Each structure stands twice: as structure tokens, then as C-alpha cells.
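Here the structure comes first, spelled out in C-alpha cells, and everything after it is commentary.
The values are calculated or read from the model by the stated rules, or taken from the named source; none is laboratory data. Keep in mind the model is a prediction, meaning the values are calculated, not measured. Don't worry about glycine lacking a Cβ; one is built from the backbone with ideal geometry, like all the others, and counts go over all protein chains shown. These accessible areas exclude ligands, DNA and RNA; they are computed on the full protein's heavy atoms, side chains included. Shrake-Rupley method; radii C 1.70, N 1.55, O 1.52, S 1.80 Å.
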Amino acid sequence: MNRAAARPLVEFEGVERVFEADPPVHALRAVTLRIDEGEHVAVTGPSGSGKSTLLGLLGLLDRPTAGAYRFGGVETTALAERDRAALRAGSLGFVFQAFHLLPYRTVEENVMLAEVYRPRGTAAPPRRTRKARAAQALDRVGLGHRAGFRPDRLSGGERQRVAIARALLGEPALLLCDEPTGNLDGDNTAVVLDVLDELHADGLTLLVITHDEAVAARAARRIRIADGRVVGARTAQGATEGAVEGAVTGADEGREPAS
Amino acid sequence: MKRPASRRGTRMGRADLVDESLSAVLARPWRAALTALGTVLGIATLVVTIGIAATAGDRIVSRFDRLTATAVTVVAADQGLPAGPGEDPLIGWDAADRLGRLNGVAAAVALAEIPPGTAPPVRANAVQDPSSVSARTLGVVAAGTGLPAAVHGRIVAGRFYDAGNVARRDRVAVLGEEAARLLGISRPEDAPAVFVGGEPFTVVGILGDLRREQALAAAVIVPPTAGADRLGIGPVRRVVVDTELGAAALVARQAPLALNPGHTAEMRVIAPPDLQRARGAVEADVDGMFLVLGLLCLVVGAVGIANVTLVGVMQRIGEIGLRRALGASRRHIAGQFLVESAVLGLLGGVVGAAVGVVTVVGVCVARDWTPVLDLALVLAAPAAGVAVGLLAGAYPAWRAARMEPLEALRAA
Ligand SMILES: Nc1ncnc2c1ncn2[C@@H]1O[C@H](COP(=O)(O)OP(=O)(O)OP(=O)(O)O)[C@@H](O)[C@H]1O
Ligand SMILES: [Mg+2]
């Protein structure tokens, strides 16, 4: 991808998040950040450094206490809650460490949940073909054969892939993953990461929070956070980028080259 | 890249709302059943209470109806004799016509009889036969032509004498059913005669199935004219009035005035207790107690739904966070929990109504009553259940909607 011509998807300018507590918690301090369309970014940092706080802000699940956040060129900090909900429904996908699958619904129904809330004014895909689209999304993560299962009968890796399929159904512009492999063993981690790599190769913009070096190594770009500050953001043109991309290519050996 | 559209926010289809709520309720069927139990009891109690009260009220009406509730009797004091020489008797034989003009009078008849003890023997034939047992001491009564209607009797054979018989002073008679049996007369069409104190009367009919003035079953009934001519019966002692339902009190007040405005004090009126009040009192008794009980059950049911729904909200914080992340607005979250509790209330209402109806019918079958079930009541029960559910769900739904998405996701 030609990075020089890339369009910015996420633009943070001096974003702060202070939690009201005694004393107040400065979870994020003056974060300025840009993520372009089509990027694959890893966010690393010690526990409590503010990674999940960052993801909440990026995902419009939370509002910054100061600073500006443009998403797809739209200034979001002034948006009403319902407009933020519309952006979440239409442009954002989430994958959480805890999966967040509804235990009382089948795999298929869990995936279909992503189409229950649609942005107003957009042509909503017809309800009667929702099942078919869910099946397609499940096929994409290699779980077409588990559609009728309850989540509690799946392995951790399978559950996370269901969550990814659910996020895909909303056709997001940005997929945000918070420790997607945090609850998984090595084999399951590899399967989930392969799925994410494929999605990125198909053009999805990806941001993955992780503790795991192997997970971070798959990203083309890494952002380090410590104590609420971005301390090691390597720009896309950075000197170390080649090495990181080399790692990605290495991991992708034996499959079709990405992009 | 999608941009925010001109119309704002997210939408959730109605089918999706119902789907999401129903699957959440049905995911825990036993919990749903237990949650709805309080509402079931409340609605059932209300349906039974109102149903039984209506049935019992109907029973009371039907028991009073044709007999007591519509019977008014005016009795003349001092045997109805004229106050002085040359004056008219207290009540004339035109009593039926006078009362017939009053509102609420269905039928009326004036009666006079030969005082007991002085009644002449009645025979079925003229021959004095000592071995015959056909001589009977029966009542002898003079009555107007309105008698069958006023006492709810039925002409079992022949006919009742008419105004023509009265005007022509015909010597005809109608026998009470029992009198006819005792005298061995069953075919008035053969024009048999009876002899009252030796005076012959032609029997024209037999009157049976008396619901009032049952003593008349063992009497010989003659027109007032012939009765006065031949047997010296008179003046009028009593007037029996059959009123419309609910008109008894009014008729009782107006009858003496209509009969003899100047001498109302000399008449005694026998009227039933006020029907509407009797019925109202019974319904109020039954209702008051059980309505309170039913409403209490409903409150308990509502608290039960509220409690379980609130616990559900707390257990499903993660789900709430997830739905918000998927684009649900606060309103969608509140709507879902409201519909969930409304479904529980509806369940309670439907089952409660069914239990209530079955109970009412069961009680009625056991008591051999006719169940009186108001369709509106049966249909209102599920609606009441939904109302209870919505009321109970309001606070939990508000709590769920108030949650911040990030906190909800973090808490789970
Ligand atoms: N609602 C809150 N109220 C007060 N403090 C909070 C709140 N949420 C987060 N914090 C604090 O903000 C800091 C950053 O939290 P955050 O969850 O972003 O960390 P993290 O980098 O995701 O950590 P981990 O790797 O353990 O998930 C922490 O010190 C945390 O205690
Ligand atoms: Mg975290």
C-alpha cells in the first residue's frame, strides 16, 4: 500500500483521559496519534499503562476529557451519544479478551447480533438474508461447521473467532482488539492471529492491544504506551519498520503473500 | 468508509426487539416461570374474585327474581270493610286496573276469601252421599282475572274465566291444582260442576304451578261478581302485585295511593328488601376482601418481576456493554429490558387468567351454578399483566440504560 497517499482513519490530538477518583487517575496524557486506512497497528505497554483506555476512546465507548478525536474525518468529541452509537454500529468492530458472547444464543445468533443495531439512513441489509451473511462471516473465520453450537461448547480460540465473525458482520472500517489472545493457548493464538492477518490482507484496518511479543510482531507498526503516554510510536516510515514487516512476512510463509 | 448519515442514531427493528427480548426470557424458562408466578397468583385471584362475585350476584338475583323481589302485597286492615254505612270498601275490585296504570307493575289481582272456619263444604256433585269422600273443606276465593299472571301460575287445563264471565256474573270457577285432585276433576272441557255450600259453579279451568299464594292450590276460585252474589264474598282483602325487576320499592310506595288516596293509612304493604342493595352488598362483601388480596398479589408479583429483572440486568452487564459496542443506544437497552419484563407480565396475565377462569368454572360446577364470566375481564387480565410487567421493568431498564458502555464491558 502506498503510505504517502493513505487517508487518515483515526486522528488523536492531545487526547487526555482523567478518571475522577481520589486522587484523579491520569489514564492517558496528551496522546497524539494517527492511524491510516489499511494499517495493522499493535499497542503494547505494561499493565495499567492505559491501553484499554485508549481502545475505549478509539472505539467511541468513552469520551476524552480533553483533546480532539477525528474518526474518518469526523470530529467525534462533540457528537451526540446516538451519533457515536451509529458510528460504532456502522464503522467499528470490537474483539475483547473475554469474547463477550451471549451464552444463551447459538454461535450463529451471536454473529447475527451485529446486524440488530444499524445506523439510521443507511440501507439496512434485509433481515431474512442475515443468517446467510452470518454463515459467510463464520466461513471466513473457519467456523462454518459450528453455526448451531452454544458458545460454551467451543474452545477459546473458536469463541474468539466467533467474536471476530460477529465484528465482521457489521462491516467495520476499523477493527479494535483488546488482548484478543489473552485467554488463549499457543495453538489457538496462532489460529486467531492468522484470521486477523487474513482480514488485514483483505484491507481491514486493524488495531491490536497485546502483551504478547509474538502478537505484536505480526503488526506492521507498533505503538508503545507507558504511564498514559505514547513512548515508542514507530511511524510507518520508521527505520525499524522493515524488520517488523519482515516478521509478518515470515509468519505468513506458506500462504499467499499479503497485499 | 461510512460516514454518519443524515438521519441520526441507530435503529432496531421491531422484530429484532421482540426476538432479542423473547430469546433472553426463553433462555431461562424456569426462572421466567417462577418470576411470573406472583403475577399469575395476582391475576388469578382477581379473575376468581370478580368472576365469583358476578356469579354469586347473579345467583342472588335469580333466587329473588321471580318470587320475592318482584312481589308486593297490599293488605287491607279491618277486613277491608267500609268505614261507615254508605261508604265504599277500602279497596275496590277495580284495584287491578288502578295499579295497572302504575309504572313497573306487570300484573295485579285483588283477592277476597271466605274467612277460614266459615267456609262451606265443596262437593263435586249435588247428591248427598254419606259414603262419598268427595265433600271437602277447601278455601273459597274471589279473584280478578289477573290472578294467573300475578301469582305466576299456569293454566294446566281449560282456561281462566275472563272479563265477560265477570261482567255477566257467570257462575264459573277455576280450581287450584290440589283442589281439583281432591275433588277428582281433571277435564274442565266436560264442564263439570262443583257445589260450594250447595251453590253450583261450572269448572272452566285448573290452575297449577303457583309460585306465589300457594294456598290457592287448594282453593276454589270464583269471579268477584258471582262470589258476592252466591257466597257473599267481599270486600277485597288483599291485592297481589307482580312488579318489574327492581320496581318493587317504587310500586310499594305508590300502590296505596293508587288504590285509595284517602285511606292509605289503613293499608299494610308487604314488599321485598331492596334487590339492588342486597346484590350490591353481597358483591361488595366478596369483592372488597378478595380484591385487596388480588391487588396485593399483583404488587408482590410486580416486585418479583422487578427484582428478577434487576438481578438479570446486573448479571448481564457484559451483554449490555457488548450491545452498546454493537451500536445499541440507551433507548434500545431500556426497550429490551422493558419488553422482557412485559413478556413476563404477559405470561403471568395469560396463565393467571386461565387459572382464574378454570377456578370459577370449577366452583360453579361444584355448586351447580351458572358461571358468569365477563369476556372483557378475561381479555383485560393479560393487559393488566403487561402493565404490571412494564411497571416492574421500568427501574431495572433505567438502570441498564444508564450504564456507560466502557464500564459495562470492563465490569463483566
Ligand atoms: N473507571 C476508572 N476509574 C478510575 N480509574 C480507572 C478507571 N478505568 C481505568 N482506570 C485506571 O486507568 C489506568 C489505565 O487502565 P487501563 O485499563 O487502560 O490499563 P491497561 O493498559 O489496559 O492495563 P491491562 O494491560 O492490565 O489491561 C489504570 O491505572 C486503571 O486503574
Ligand atoms: Mg486492558
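Could you check, for the stretch A:80-90, whether at least one of its residues is facing chain B (nearest Cβ under 8 Å) and more than 20 Å from B:A401 (Cβ to Cβ)? Before the answer, list the steps.
Of the residues in the stretch A:80-90, the ones facing chain B (nearest Cβ under 8 Å) are A:80-83, A:85-90.
From the residues that got through so far, the ones that are more than 20 Å from B:A401 (Cβ to Cβ) too are A:90.
Yes, the stretch A:80-90 contains a residue that is facing chain B (nearest Cβ under 8 Å) and more than 20 Å from B:A401 (Cβ to Cβ).
When you scan the stretch B:171-239 for strands (runs of 3 or more DSSP E) that lie fully inside it, which ones turn up with 1 or more residues that are open to solvent by less than 60 Å² (accessible area, probe 1.4 Å) and under 15 Å from B:V156 (Cα atoms)?
In the stretch B:171-239, the matching strands (runs of 3 or more DSSP E) lie at B:172-176, B:199-208, B:219-222.
Looking only at residues that are within 16 Å of ligand 1 (Cβ to nearest atom) and in contact with a helix residue (DSSP H, G or I) (Cβ under 7 Å, 6 or more places away or on another chain) in the stretch A:208-219, which one is nearest to the other protein chains (Cβ to nearest Cβ)? Steps first, answer last, please.
Within the stretch A:208-219, the subset within 16 Å of ligand 1 (Cβ to nearest atom) is A:208-213, A:215-216.
Now narrow it down to the ones that are in contact with a helix residue (DSSP H, G or I) (Cβ under 7 Å, 6 or more places away or on another chain): A:208-210, A:215.
Working: A:V208: 16, A:I209: 13, A:T210: 18, A:V215: 20 Å.
Residue satisfying both the conditions and the ranking: A:I209.
Mind telling me which of the residues A:P125, A:P24 ends up being more than 7 Å from chain B (Cβ to nearest Cβ), without any contact (Cβ under 8 Å) to a residue 12 or more places away in the chain and within 16 Å of ligand 1 (Cβ to nearest atom)?
Among A:P125, A:P24, only A:P24 is more than 7 Å from chain B (Cβ to nearest Cβ), without any contact (Cβ under 8 Å) to a residue 12 or more places away in the chain and within 16 Å of ligand 1 (Cβ to nearest atom).
Please go through the stretch B:177-191 and give me each residue that is touching a strand residue (DSSP E or B) at 6+ places or on another chain (Cβ under 7 Å) and within 13 Å of B:V122 (Cα to Cα), ordered by number.
Of everything in the stretch B:177-191, those that are touching a strand residue (DSSP E or B) at 6+ places or on another chain (Cβ under 7 Å) and within 13 Å of B:V122 (Cα to Cα) turn out to be B:A179, B:A180, B:L182, B:L183, B:I185.
Only one of (1) modelled with pLDDT of 90 or more; (2) in contact with a strand residue (DSSP E or B) (Cβ under 6 Å, 6 or more places away or on another chain) fails for A:G144. Which number is that?
The one condition A:G144 does not meet is (2).
Within the group B:V151, B:V141, which residue is closer than 16 Å to B:A112 by Cα, touching a residue at least 60 places away in the same chain (Cβ under 8 Å) and out of contact with any strand residue (DSSP E or B) (no Cβ under 6 Å at 6 or more places or on another chain)?
None of the other options fit; the residue is B:V151.
Which numbered condition in (1) without any contact (Cβ under 8 Å) to a residue 24 or more places away in the chain; (2) under 18 Å from B:R410 (Cβ atoms); (3) hydrophobic (A, V, I, L, M, F, W, C) is the only one that A:A80 fails?
All conditions are met except number (2).
Residue by residue through the stretch A:2-24, note down the ones that are outside any strand (DSSP E or B) and under 21 Å from A:C177 (Cβ atoms).
Across the stretch A:2-24, the qualifying residue is only A:A6.
Give the residue that is nearest to B:N307 (Cα to Cα), with candidates limited to residues of the stretch B:374-412 that are open to solvent by 60 Å² or more (accessible area, probe 1.4 Å) and assigned to a loop (DSSP other than H, G, I, E, B).
Out of the qualifying residues, it is B:A412.
Just the residues that are modelled with pLDDT of 90 or more, surrounded by 18 or more Cβ atoms within 10 Å (Cβ to Cβ) and either at positive phi or within 16 Å of ligand 2 (Cβ to nearest atom) (or both), please, taken from the stretch A:185-217.
A:L207, A:V208, A:I209, A:T210, A:V215, A:A216 - these are the residues of the stretch A:185-217 that are modelled with pLDDT of 90 or more, surrounded by 18 or more Cβ atoms within 10 Å (Cβ to Cβ) and either at positive phi or within 16 Å of ligand 2 (Cβ to nearest atom) (or both).
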